[in-house]
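Taking it in order: structure first as C-alpha cells, then the write-up.
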Amino acid sequence: MNTYTYEESRRQFARACRVIPSGIYGHQGPAEGCFIPVDAFPMFSERAQGTYFWDVDGNRFIDYMCAYGPNVLGYGDPDVDEAARKQMEKGNCVTAPSTLMIDFAELLVDTVHSADWAFFAKNGNDVTTLAVLTARAYTHKKKIVFFKGYYHGVAPWTQKIDYAGILEEDVCNNLYVDWNDFDQLQAVFEKYKGQIAGLIAQPYQHGNFRDNELPADGFWQKVRKLCTDHEVLLMIDDVRAGFRMDLAGSDHYFGFEADLICFCKALANGYNVSALCGKDFLKNTVSGLTYTGSYWLSAVPFAAGIACIEKMKRLDCANLLNEKGRKLRDGLQAAAARHGFDLHVTGMPSLFYLRIADDPSLGLHQEWVAECVRRGVYFTNHHNHFINAALSDQDIADTVAVAEEAFEAVRMRHPL
C-alpha cells in the first residue's frame with residue numbers, strides 16, 4: 001500500500017504560521033494534538049462525509065477522531081443538516097430567541113434521566129464552568145474536588161499552577177484525589193468538611209497518556225452518598241462520553257444520579273451547542289447567575305440538536321456505537337497479536353483508548369499510529385478515539401487491514 005504525502009498541507013501550514021499563533025492552535029494543532037511524528041499527519045482538511053475526511057492533498061482517511069467527538073452520526077448527516085438548513089431559512093442569531101430553545105430543552109429533560117432543566121451555551125468549557133459556578137453559588141463554599149488526570153476545559157480553574165498565565169488564586173481551592181480510591185476521597189471530604197462546594201468528574205477515567213479505567217463496582221454509588229451526606233454537589237462532565245454510553249446520560253449507565261451533568265460533543269453532530277442539565281433544586285441558583293454569550297441562543301444548533309437526539313434514539317445509538325467499537329477492538333488486538341504486540345484497548349468501545357504496551361517510552365505505539373495514518377486510518381497517539389454511526393463493517397475491515405500492515409512495518413524495524 002502506498003503511503004500518503006502532505007505537500008499541500010505543509011504549504012498551507014507555513015502560510016498559517018505567518019498569521020495565526022502556532023499555525024493551528026489548541027487540541028487540533030500539532031503542538032497539542034499528540035501528532036508524533038508531525039510529518040505523519042495532515043494539517044488541513046478539504047471536505048468530510050460520513051466516517052471519512054479528505055485532506056488538502058486529496059488523501060482520504062477513515063476518521064477515528066470524529067472532530068474530537070462531535071461527529072457521532074457521520075459527517076454531513078442528511079437529517080441533521082436538513083433540520084439546520086430549514087431553520088437557517090427562518091433565522092438563526094436573532095434578538096429574541098426561537099421557541100426551538102424550549103423544544104430542545106424539553107427533549108433533553110425527556111431524554112436525560114437526571115435532568116429537570118437545560119441551559120445552553122457553545123462549548124464544553126462553558127457548561128463545566130457554569131456547573132462549578134452553580135455549586136459555589138448554591139453551597140456558599142469554595143473548594144472543588146477533582147480526580148487526578150482530569151480534563152474539564154481550559155478556563156483557569158481547570159488548569160494547573162505551573163501552566164502559563166495561571167495564578168495561584170485560580171486554583172488554590174482545587175483538591176485532587178486518585179481515581180477509584182474511595183478511601184482517599186472520603187479522607188479529603190473529612191479533612192475539608194464544610195468547605196467543599198462540589199466534586200466534578202468524568203463518568204470514567206478517560207484521560208490522555210494512560211489506559212482508560214472504568215469505575216470500580218459500587219464506586220459511584222458510594223461517591224453519590226458521600227456527596228449527599230456532606231452537602232456537596234456531584235457534577236458529571238459528560239462532554240466527551242455523553243450519549244456514547246447511554247442516551248439517558250453516563251450517570252444513568254453507571255446507576256447513579258448527578259446533580260449537574262454537562263453535554264457538548266455528541267449533542268448536535270457538529271453544530272455548535274452545549275448544555276448543562278440539572279436537578280430542579282438548582283434551577284433558581286442558575287437563574288441568579290450572570291452568565292451569557294453572544295451566540296448561545298442561536299436557533300440553527302437547536303434544530304440540529306433536536307434532529308441529532310431524535311435520530312440517536314431511532315438508531316439506539318449508544319448500543320450501536322459500542323457494537324461497532326467491539327468489532328474494531330477485537331480486530332485490532334488480533335492483528336497486533338499476530339505480529340507479537342500487546343495492544344491495550346481500554347475504556348468504552350464507543351470511546352476507546354489505544355496503547356501498545358510493549359514499550360514504556362510509547363515509541364513503538366507512536367510508530368504504529370504514524371504508519372496507520374500514512375495509510376489512511378486516522379488515529380492520534382495519546383487521546384481517546386471515537387466511533388460514529390456511519391462507520392461500516394467494511395470500514396472496520398479496512399482499518400484492521402491497514403493496522404496489520406502498520407504492525408508489520410513496525411515489526412520489521414524492531415524484530416523480536
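The values are calculated or read from the model by the stated rules, or taken from the named source; none is laboratory data. As the structure is a computational prediction, the values presented were derived from the model and not from experiment. Every residue, glycine among them, receives a Cβ derived from its backbone with ideal geometry; neighbour counts consider all protein chains shown. These accessible areas exclude ligands, DNA and RNA; they are computed on the full protein's heavy atoms, side chains included. Shrake-Rupley method; radii C 1.70, N 1.55, O 1.52, S 1.80 Å.
Computed in the context of the full set of protein chains, the accessible area of the range 11-91 at 1.4 Å probe radius has 53% of its extent on carbon or sulfur.
Across the range 192-197, rounded Karplus estimates of 3J(HN,Hα) from the backbone phi angles (6.51 cos²θ - 1.76 cosθ + 1.60, θ = phi - 60°) give 10, 4, x, 10, 8, 7 Hz, Gly and Pro being marked x.
Taking label positions 7 Å along the Cα-Cβ direction at both residue 183 and residue 397, the computed distance is 5.2 nm, reported to one decimal.
Taking 7 Å steps out from each Cα toward its Cβ at residue 28 and residue 248 produces label points 3.5 nm apart. As a calculated quantity, the FRET efficiency between residue 316 and residue 176 at R0 = 41 Å, using C-beta atoms, amounts to about 0.65. The length gained by stretching the chain between residue 155 and residue 281 to full extension, at 0.36 nm per residue less their Cα-Cα distance, is 42.8 nm.
Using a Gaussian network model on the chain with a 10 Å cutoff between Cα atoms, which of 300, 19, 56 fluctuates the most? Greatest mean-square fluctuation among the candidates belongs to 19. Structure remark: mean-square fluctuation, Gaussian network model of the chain, C-alpha springs under 10 Å; the largest value among 311, 191, 279 belongs to 191. Protein heavy-atom accessible surface, 1.4 Å probe, per residue over the range 163-257: 43 Å².
Across the chain, counting alpha-carbon atoms alone, Rg and Dmax equal 21.7, 67 Å. At the residue level, residue 36 shows approximately 60 square angstrom of accessible surface with a 1.4 angstrom probe and all protein chains present.
Taking every alpha-carbon pair in the range 1-99 and binning the separations at 10 Å intervals from zero gives 13, 35, 28, 19, 4, 0 percent. Taking all C-alpha pairs of the range 36-89, those more than 16 Å from each other amount to 51 percent.
For the range 263-416, lysine pairs with C-alpha atoms less than 28 angstrom apart, excluding pairs fewer than eight positions apart on the same chain, total 13. Spin-label model, residue 2 to residue 168: label points 7 Å out along the Cα-to-beta-carbon direction sit 6.0 nm apart. Taking all protein chains together and a 1.4 Å probe, the residues 416, 233 rank 416, 233 from largest to smallest accessible area. For the range 384-392, the Karplus equation 6.51 cos²θ - 1.76 cosθ + 1.60, evaluated at θ = phi - 60°, returns couplings of 4, 10, 10, 9, 10, 5, 7, 5, 9 Hz by residue, with Gly and Pro reported as x. Looking at the range 305-362, the accessible area is 39 square angstrom per residue; that uses a 1.4 Å probe and ignores ligands, DNA and RNA.
If you roll a 1.4 Å probe over the range 187-270 with all protein chains in place, what percent of the accessible area is carbon or sulfur?
Numbers: 1390 of 2830 Å².
Carbon plus sulfur share of accessible area: 49 percent.
Here the peptides 257-264, 64-71, 199-206 are ranked by packing, the mean other Cβ count within 10 Å, and the order with the highest first is 257-264, 199-206, 64-71.
Quick check: residue separation of residue 81 and residue 103 times 0.36 nm, minus the Cα distance between them. What number comes out in nm? Working it through step by step, the gained length comes to 6.1 nm. Taking a point 7 Å from the Cα of residue 110 along the Cα-to-Cβ direction, the residues of the range 69-83 with backbone N closer than 18 Å to it are 80, 83.
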